[in-house]
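Every read-out reported here was derived from the displayed coordinates using simple, explicitly stated rules and does not represent laboratory data. This one's a predicted model, so the numbers in the text were calculated from it and none came from an experiment. When we count neighbours, we look across all protein chains shown, and the Cβ atoms used for this are built from the backbone with ideal geometry, even at glycine.
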Amino acid sequence: MTTSEEISALLVAKFGTDPEALGPDVPLHRLRLDSLALEELRLLIEDRLDVDLEDVVLTSRDTLGRLIEAVQVKVAA
């Protein structure tokens, strides 16, 4: 699975996100991810992908594409 597929799968399975709502330009707040949900998602991504995202700063105004890009940079490092 790609990073994008892993994150999408987490959003669908753990947050009940409609798979049709997912797209790179979708703001995270449209996926009903507030700051607490973003922190939970960060921890889930860290566990699933074995990556440290402690220094990645995202808000609900960022897009899903931005989140995926930030995680991909960390995975590649």
Against the definition (among the β-branched types (V, I, T) and assigned to a loop (DSSP other than H, G, I, E, B)), how does V75 come out, yes or no? no
Yes or no: segment 50-69 includes at least one residue that is surrounded by fewer than 17 Cβ atoms within 10 Å (Cβ to Cβ), among the acidic types (D, E) and in contact with a helix residue (DSSP H, G or I) (Cβ under 7 Å, 6 or more places away or on another chain). yes
Hey, can you tell me all the residues within segment 41-51 that are within 12 Å of the chain's Cα centre (by Cα) and either of a type in the set (A, V, I, L, M, F, W, C) or under 16 Å from D62 (Cβ atoms) (or both)? L41, R42, L43, L44, I45, L49
Can you find a residue that is in contact with a Ser or Thr (Cβ under 8 Å, 6 or more places away or on another chain) and assigned to a helix (DSSP H, G or I) anywhere in segment 55-63? no
Just checking, how many residues over segment 23-37 are surrounded by fewer than 17 Cβ atoms within 10 Å (Cβ to Cβ) and either touching a residue at least 12 places away in the same chain (Cβ under 8 Å) or touching a helix residue (DSSP H, G or I) at 6+ places or on another chain (Cβ under 8 Å) (or both)? 10
